[in-house]
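Student: Next up is a structure, given as structure tokens.
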Amino acid sequence: MPTVGRILVDEVQIKRRVDELAAELGSAFQSRQPMTVLAVLTGSFIFVADLCRRLQIPHRIGVVRASSYRGATVDPSDLHTDLSLAPDVRGRHVLLVDDILDTGATLARLVREIAALQPASITTAVLLRKIGRQTVPIEPDYVGFDIPDLFVVGYGLDYNDDYRHLPYIAALEQETAAT
Ligand code: XMP
């Protein structure tokens, strides 16, 4: 079982950055009403909960689902999205919030599918962006932190649904065999 390793982003850094993002988004969406925040489950749930409570403008909150990872492995062909839980976003300004941008496949697919629901606009925000991993050309409008290419857990991100509760972002470490 992998263990939690080095902390990459601590609690104080997360809080400060979420404050900044909420202020920036508040200004940007002042003229973009009505607003709907769509959280990509499951990984973004803590980020969205913190962000929304600091957003000083009225907004609806809804969820969509995306899954591609099984543990620490990735198979891009195994990407599943589900918009069936999303509220009606037609004519609304959508802020799509995900936990992490890795290859970009998830965000790109969701933007395409949400666009088909005819929102007034779509803005994207991710808490984390892995450096050097993007293979799908999509630039999030807002990024919390750029991080190295490591599998990370905490603050909503998981390994087999473990570690989501950690208040910081840490690298997952494979246990090395005892010698
Ligand atoms: P793509 O490649 O589509 O991946 O940009 C985005 C989704 O993959 C998951 N992901 C991770 N989850 N630690 C995690 O807990 C990671 O290091 C990691 N990298 C990617 C995540 O669900 C994200 O929405």
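Student: Relative to the longest principal axis of the chain, what angle (0 to 90°, nearest 10) does the C-alpha long axis of helix 45-54 take?
Tutor: Compared with the principal axis, the helix lies near 50 degrees.
Student: What number, in percent, do you get for the relative contact order of the stretch 19-119 if the mean sequence gap of Cα pairs under 8 Å and at least 6 apart is divided by its residue count?
Tutor: 31
Student: While we're looking at this one, here's another question. Accessible area, 1.4 Å probe, largest first: how do Thr124, Thr3 sort? List each step's numbers first, then the result.
Tutor: Details: Thr124 10, Thr3 50 Å².
Largest to smallest exposure gives the sequence Thr3, Thr124.
Student: Could you pull out which residues in the stretch 21-36 have an amide N less than 17 Å from a spot 7 Å beyond the Cα of Ile61, following the Cα-Cβ vector?
Tutor: Within reach of a label on Ile61: 21-23, 25-26, 35-36.
Student: Apply the Karplus curve 6.51 cos²θ - 1.76 cosθ + 1.60, θ = phi - 60°, to the phi angles in the stretch 79-93 and return the couplings in whole Hz, x for Gly and Pro.
Tutor: Listing the rounded values in order: 9, 10, 10, 8, 9, 5, 8, 6, x, 5, 10, 4, x, 9, 8 Hz.
Student: Looking at the stretch 118-179 only, what percent of DSSP beta bridges run antiparallel? Nearest 5 please. Let's see the in-between values first.
Tutor: Values: 4 of 9 bridges.
The antiparallel fraction comes to roughly 45 percent.
Student: Let me ask another. Solvent-accessible area of Leu41, probe 1.4 Å, all protein chains present, reported in Å² to the nearest ten, please.
Tutor: Accessible area of Leu41: about 40 Å².
Student: May I ask what percent, to the nearest 5, of DSSP beta bridges between residues of the chain are antiparallel?
Tutor: 35
Student: Put a dot 7 Å past each Cα toward the Cβ at Ser121 and Asp82; how far apart are the dots in nm?
Tutor: 3.2
Student: 5 Å is the cut-off here: which amide hydrogens, built 1.01 Å from N in the peptide plane, fall below it relative to Tyr168, excluding neighbours closer than 5 in sequence?
Tutor: Distant-sequence amide H within range of Tyr168: Tyr155.
Student: Another question about this same structure. Return the long-range amide H neighbours of Ile147 (sequence gap of 5 or more, or a different chain), with a cut-off of under 5 Å between placed amide H atoms.
Tutor: Amide H to amide H, under 5 Å and 5 or more residues apart or across chains, Ile147 pairs with Arg129, Lys130, Ile131.
Student: Pull up all non-local amide H partners of Ala120: gap of 5 or more, or a different chain, and H-to-H distance under 5 Å with H placed in the peptide plane.
Tutor: Gly91, Arg92, His93, Val94
Student: Let me ask something else. Once phi is turned into θ = phi - 60°, what whole-Hz ³J(HN,Hα) does the Karplus curve with 6.51, -1.76 and 1.60 give for every residue of the stretch 4-17, x standing for Gly and Pro?
Tutor: 7, x, 4, 7, 9, 9, 8, 4, 5, 4, 4, 4, 4, 5
Student: Continuing with this model, one more query. For the chain, what is the calculated [θ] at 222 nm in deg cm²/dmol (nearest 500), taking -39500 (n - 2.57) for each run of four or more DSSP H residues and dividing by its residue count? Let's see the in-between values first.
Tutor: Numbers: 3 runs with 40 residues, N = 179.
So the calculated ellipticity at 222 nm is -7000 deg cm²/dmol.
The values are calculated or read from the model by the stated rules, or taken from the named source; none is laboratory data. As the structure is a prediction and not an experimental result, all values here were calculated from the model. Positions of Cβ are generated from backbone atoms using ideal geometry, with glycine treated the same way; all protein chains shown enter the neighbour counts. Accessible surface is based on the protein model in full, side chains and every heavy atom, while ligands, DNA and RNA are left aside. Shrake-Rupley method; radii C 1.70, N 1.55, O 1.52, S 1.80 Å.
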